[in-house]
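First the structure, in the form of structure tokens, and then the observations on it.
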Amino acid sequence: MIDTILLDLDGTLMPIDQDTFTKAYFAEMLKKVIPLGYEKQSYIDALWKGTAAMAANDGTANNRERFWDAFALALGPQARSLEPTLNQFYTHEFHRVSALIPQGYTVRPQLDQLKQAGYTLVLATSPFFPNEAMQARLSWLGADSSDFAYITAYENSHFSKPNPRYYQEIFNALNKQPNQCLMVGNHVKEDVVPQQLGAFIFLLTDYLENPENADFSAIPHGSWSDLFAFLEADRHA
């Protein structure tokens, strides 16, 4: 029986797609760093190189180390001194991005229902952000870190989606077997990977991402109501 639920963030808990979020996020960060003497396109290119390094991580370092090594290689060693500035950004200016969230939107009812049913919850989002950013993003949804037994961030992750080892690292951290876990996401490629390890999958379709137009008809999918019905059936199987 399922006792642990891994929840994706963008397009799953958060009602915006990744592209919209990234555009707004970069715009706010640039307001912070351009006055410090960085050129816009060079800075954006360095961010993407850091992200690519995290996406390709082989597990020999955490994603934080991978990001800053690649970021500093692109912008110069002085770029490492930006880390405290960016951590401050995530606790202050970054919150402006919350304007993308519809007024009054919250995932509080869904999280409370899952917790009251006894599930262990994991925030299993692409671990490209520091803890400070994850705390901020959760606050926009009426949630916080106390709702989750584990939150993937760049400090505690050594892999990234869609690498199966990203999911295995979560299972190991919680001392869970994959067949105890359900991954709930919206990305037909990235969020179905733990099925290879023996986990269950449910795709929320409100903000479905299916870049390769893959057939997902055999994968349980639908709305939040459909998810709760799926879990109810599992409990009584």
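Every read-out reported here was derived from the displayed coordinates using simple, explicitly stated rules and does not represent laboratory data. Note that this is a predicted model, so its numbers are computed, not measured. Don't worry about glycine lacking a Cβ; one is built from the backbone with ideal geometry, like all the others, and counts go over all protein chains shown.
Some notes on this structure:
- For segment 115-130 versus segment 66-90, the gap between their alpha-carbon centres in whole angstrom: 27 Å
- Once backbone amide H atoms are built at 1.01 Å from N, Ser126 has Leu9 as its partners under 5 Å, excluding neighbours fewer than 5 places away on the same chain.
- Under the Karplus curve 6.51 cos²θ - 1.76 cosθ + 1.60, θ = phi - 60°, whole-Hz ³J(HN,Hα) for segment 118-131, x wherever Gly or Pro sits: x, 6, 7, 10, 10, 8, 10, 10, 3, x, 9, 10, x, 4
- Scaling the Cα radius of gyration of segment 131-237 by the globular reference 2.2 N^0.38 Å produces a ratio of 1.12.
- Between Asn179 and Asp45, the modelled label-to-label distance comes to 5.1 nm, taking each label 7 Å out from Cα in the direction of the beta carbon.
- Modelled this way, with points 7 Å down the Cα-to-C-beta line, the labels at Tyr207 and Ser223 are 1.8 nm from one another.
- The H on the amide N of Tyr154, modeled in the peptide plane, is under 5 Å from the matching H of Phe129, Asn131, each at least 5 residues off or on a different chain.
- Under 5 Å between amide hydrogens, built in the peptide plane, is the criterion, and for Met183 it picks out Leu6, Phe200, Ile201, Phe202 among residues at least 5 positions away or on other chains.
- Pairs exceeding a 30 Å alpha-carbon distance, out of Lys32/Lys176; Lys49/Lys189; Lys32/Lys189; Lys23/Lys189: Lys32/Lys176; Lys32/Lys189.
- Over segment 10-53, the hull volume per residue, using the convex hull of the C-alpha atoms, is 79 Å³.
- Here the average projected area of the convex hull drawn through the C-alpha atoms of the chain stands at 12.8 nm².
- Estimated vicinal HN-Hα couplings, Hz - segment 212-229 in sequence order (Karplus 6.51, -1.76, 1.60; Gly, Pro = x): 9, 6, 6, 7, 10, 4, 7, 9, x, 7, x, 8, 4, 4, 5, 4, 5, 5
- Here, segment 19-98 yields an orientationally averaged convex hull projection of 5.4 nm² when only Cα atoms define the hull.
- Extended-chain gain in nm, criterion 0.36 nm per residue less alpha-carbon gap, Arg235 and Asp215: 4.5 nm
- Extension gain, Asp144-His92: 0.36 nm per intervening residue step, less the Cα-Cα distance, totals 17.1 nm.
- Cleavage-rule hits, GluC sites (Glu not before Pro), segment 17-118, DSSP coil, Cβ neighbours within 10 Å at most 12: Glu39
- Extension reserve of the Asn156-Ala61 stretch, reckoned as 0.36 nm per residue once the Cα distance is removed: 33.2 nm
- Point-to-point label distance, Glu83-Gln113, nm (Cα→Cβ direction, 7 Å offset): 4.2 nm
- FRET efficiency for Leu73 and Leu36, using Cβ-Cβ distance with R0 set to 22 Å, rounded to 0.05: 0.70
- Total charge dipole magnitude, the chain, about the Cα centre, Cβ charges on Lys, Arg, Asp, Glu only, Debye to nearest 20: 480 debye
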